[in-house]
1. From the residues A:Trp67, B:His67, A:Ala468, which one has its Cα farthest along the dipole of the protein assembly as shown in the positive direction, the dipole being from +1 and -1 charges on Cβ of Lys/Arg and Asp/Glu about the Cα centre?
2. In peptide B:20-31, what is the residue-averaged number of other protein chain Cβ atoms found within 10 Å of each Cβ?
3. How many angstrom lie between the C-alpha centres of the stretch A:1-78 and the stretch B:68-85?
4. A:Leu7's amide H: which non-local residues (gap 5+, or another chain) put their own amide H closer than 5 Å, with H modeled 1.01 Å from N in plane and none for Pro or chain starts?
5. Once you mark the GluC sites (Glu not before Pro) that are in a DSSP loop and have at most 10 other Cβ atoms within 10 Å, what is the longest gap between them in chain A?
6. Quote the FRET efficiency, to the nearest 0.05, computed for A:Val698 versus A:Lys28 with a Förster distance R0 of 56 Å and r equal to the Cβ-Cβ distance.
7. Find the eigenvalues of the gyration tensor of the Cα atoms of the stretch A:92-210, then list the square roots of 5 times those eigenvalues as equivalent ellipsoid semi-axes, largest first, in whole angstrom.
8. So what J values fall out for the stretch B:56-64 if you push phi through Karplus, 6.51 cos²θ - 1.76 cosθ + 1.60 with θ = phi - 60°, rounded to Hz, Gly and Pro as x?
Amino acid sequence: MKEKLVLIGNGMAGVRTLEELLKIAPEKYDITVFGAEPYGNYNRIMLSPVLAGEKTVDDIMLNDEQWYIDNDISLYKGKSVTEIDRVNKKVVAEDGTTADYDRLLLATGSNPFMIPVPGKDKDGVIAFRDIYDVDTMLQASKDYKKAVVIGGGLLGLEAANGLMKQGMDVTVVHLLDSLMERQLDKPASSLLKASLEERGMKFLMEAATEEIIGNGRVQGVRFKDGTEVEADLVVMGVGIVPNTGLAKATGLHCERGVVVNDVMQTFDPAIYAVGECAQHRGIAYGLVAPLFEQGKVAANQLAGLGYAYYQGSVTSTKLKVTGIDLFSAGDFNEEQGDEVISLQDQAAGTYKKLVLKDDRIKGAVLYGDTIDGTWYFQLMREETSIADFRKTILFGQHDLGDAGHGDETRVMALSDDAEICGCNGVCKGDIVNAISKHGLFTLEDVRARTKASSSCGSCTGLVEALLASTVGEGYDASPNKQAMCKCTEYSHDEVIAAIKQNELKSIPAVREFLEWKTPDGCAACRPALNYYLLARWPEEYQDDAQSRFINERAHGNIQKDGTYSVVPRMFGGLVKPNELRAIADVCDKYDVPEMKVTGGQRIDLFGVKKEDLPPMWKDLTDAGFVSGHAYGKAMRTVKTCAGKTWCRFGTQNSTGLGVQLEELTWGSWMPHKFKLAVSGCPRNCAEATIKDFGVVCVDSGYELHVGGNGGIKVRVTDLLTKVDTEEEVLEYCGAFTQMYREEAHYLERTAPWVERVGLTSIKKRLLDDETERKALYERFIIGQKVSQVDPWKARAEGEAAHEFTPLKIA
Amino acid sequence: MTNWTEIAKLEDIPKLGSRVLKTDTVNIALFRTSTDEVFAIKDACPHKQGPLSQGIVHGTSVTCPLHNWKIDLASGEALGPDEGCTNTYDVKIENGTVYLALPAKEAAA
């Protein structure tokens with residue numbers, strides 16, 4: 001028989017926990033839900049746009065009644081639970097309805113804090129917490145003119161903005177001298193105040209409310225200094241207090257909230273608590289993102305899996321007032337020993353400030369231009385050293401991720417038909433609608449639903465910005481530890497480390513050791529695991545063809561019509577007449593419909609039928625060619641310029657060095673594609689400074705450049721070092737390549753990898769530590785012994801013949 | 001009447017892999033899962049006719065090599081947010097031999 005689970009509180013935290021639970025253990029419980037409000041579960045953080053008239057109540061429903069029916073959940077809406085009988089394990093509602101439980105989940109949320117002044121119970125004095133309050137305010141805006149909002153924080157300002165949008169004359173009363181003092185520093189706060197005043201909002205600062213006055217209905221507010229202000233409506237927007245009444249009455253240990261441990265369990269092991277009512281390690285959170293993290297943990301525990309733990313959340317804030325971009329996170333008021341970098345443009349209305357300690361971000365405040373908020377937040381949560389890009393950090397993350405859209409990154413200013421994802425043709429309106437309609441909170445959700453940012457990923461920053469501005473502080477920023485894929489909880493780094501430390505030498509061994517959730521893995525993790533194993537154990541690991549993307553299984557590049565393209569390797573881009581003749585003959589023989597010279601100085605033969613690949617390779621290998629690996633996450637090409645043999649400016653033998661580098665590195669499998677170039681002089685005709693590893697020859701030696709990218713977003717290389725001899729070039733190249741091969745995440749190119757780990761740490765290990773450099777180079781050479789077996793020749797001789805031979809009816 | 005046609009030995013199809021049967025009218029992809037089930041579907045993704053036979057097989061689904069649509073091998077239907085469906089064919093395995101229920105026209109060919 002199924003166990004019984006009762007949820008008290010039909011809000012975002014509780015229902016999100018149920019959703020997570022249903023995903024992992026759909027059959028475990030009979031579920032009953034009690035909710036005090038007469039609605040299904042709605043998105044409470046979207047009440048501000050409802051009040052402002054930008055959305056309707058229907059728009060913000062997350063789970064309608066059909067959802068409860070579909071999932072076999074008994075829903076008692078509009079019924080408050082009045083008693084928990086812990087001895088008999090049952091709950092009793094106000095109308096006498098009872099429900100037994102084996103496990104009880106408390107998600108009773110919070111109550112608005114009503115400041116205890118005389119007159120607070122008068123007609124026309126309300127809070128801003130639920131649909132009822134919003135309805136009351138909307139009605140009041142039709143019948144009355146003057147509104148006073150007490151509280152100049154997030155809640156109060158959103159209420160004030162909504163009432164102003166409804167045509168009321170709004171005065172915000174704040175006890176302190178600056179708005180949103182818990183989220184903003186003074187300069188940002190004054191910019192915000194100026195901008196709201198421009199819209200018509202009035203402020204009474206440093207005003208302590210003494211009494212709410214009026215005969216029957218409210219007529220005004222009196223302050224401690226004796227002054228008064230008129231009001232037909234007073235909204236208390238000063239804060240919330242965890243709703244612990246029921247928990248206290250049943251004897252559960254409560255402080256500010258219901259105290260829970262790291263598995264979200266209260267002092268009664270059968271009772272869990274999540275959301276605003278819960279207090280974890282001394283903190284009761286009032287934002288949505290932490291509640292979702294708690295829900296995941298509670299669901300994992302309720303499902304009996306028992307491996308998820310909640311360790312607290314780092315939160316960030318956004319104000320949901322249309323047209324005002326504001327972001328804050330962490331400790332944004334500097335303390336002694338902290339460093340501050342800031343940028344302020346009063347006229348343009350932008351302000352950015354980062355508080356740093358030991359080159360790590362402690363806190364951030366952004367006003368006017370918040371596109372980089374998610375980036376700073378990520379750097380803060382991951383405690384990334386910003387030393388390498390400290391000089392430019394305030395100008396934003398232009399190097400990667402935004403594909404050079406520049407000012408267009410002010411996403412909220414874009415029109416609905418502006419294309420955000422150029423790969424899949426997804427417009428801003430599509431994304432915003434999907435977020436609102438389906439209640440999406442994470443980048444993953446948006447990718448799955450709209451396909452935006454799911455191909456090349458260059459618009460990820462834009463999509464995250466849209467997500468953040470659409471759902472406000474509910475935005476569930478990508479967790480600082482990101483699971484490799486849906487098959488596992490573990491991150492790329494954890495998988496790489498486990499393979500090394502525990503000497504895991506096959507894909508099934510990795511999946512078993514790390515408790516993979518799917519029997520075969522998926523199209524994302526299998527190629528990654530295959531690569532990691534190959535990179536770590538080159539001599540022992542048995543390559544798994546079925547875990548490779550088709551290009552690396554068929555050793556050609558699959559084209560849109562299912563044919564393949566073939567690129568013979570031409571070392572350093574050099575080619576001889578007889579080789580060109582052989583390529584021409586092959587094209588004639590196999591009816592190649594199109595030939596093209598590539599950007600990497602090779603010749604691409606398009607439209608080859610799969611069955612023709614092995615015989616074609618036979619002809620090409622007979623002519624001396626090996627595979628060009630133009631199809632793989634592998635070392636691709638070394639591009640060279642003419643060099644000093646011919647060029648009047650050439651300083652070194654760039655073509656010769658290019659050939660040597662290609663002979664060293666060809667055949668090597670990589671986390672992603674990997675390109676090299678050698679230029680014979682600083683004119684850099686081979687474009688070496690946008691390659692993964694580039695050499696620029698100078699009169700006195702060789703400059704080595706790393707981490708360049710000419711693709712999605714052009715990134716110029718960083719100078720690694722300068723060396724004197726070709727032997728050194730080869731050694732540094734092998735060592736750098738091996739470090740990338742061993743440590744980068746699968747499908748991470750050198751450009752983002754260098755930015756992630758920092759050039760400083762790469763330099764330290766390659767330049768200052770000769771032993772480590774030589775060891776890396778040594779390991780690269782060992783791997784190359786296995787890799788430099790030409791796959792084309794092997795297949796021309798009959799290996800993996802089934803791959804290329806169709807079945808025939810006997 | 002079902003027209004069972006002998007196609008291949010089970011071991012001719014790699015585990016977590018596929019083989020393609022070319023007939024005069026259609027290419028049919030035969031997939032073998034890690035538990036030795038065999039499925040046959042038309043070798044064309046409902047999205048842009050990508051050759052599903054070239055995709056990565058996991059569980060009882062295959063990921064199309066062109067744009068990563070995930071197709072359920074049993075029903076031929078696209079999974080996740082994508083919508084579309086490709087043809088499926090009945091398969092049986094007897095004594096290690098794979099038989100396919102071919103439509104009359106292909107069987108005659």
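1. B:His67
2. Across B:20-31, the average partner-chain Cβ count within 10 Å equals 2.
3. 29
4. A:Thr32, A:Val33, A:Phe34, A:Leu105
5. No qualifying site falls inside A:28-334, the longest such stretch.
6. 0.25
7. That gives 32, 19, 14 Å for the three semi-axes.
8. 8, 9, 8, x, 10, 9, 10, 9, 5
A short reminder: the numbers here are calculations on the coordinates, not readings from a lab. Keep in mind it's a predicted model, so treat the numbers as computed, not measured. Neighbour counts are summed over all protein chains in view; Cβ atoms, including those assigned to glycine, are modelled from backbone coordinates with ideal geometry.
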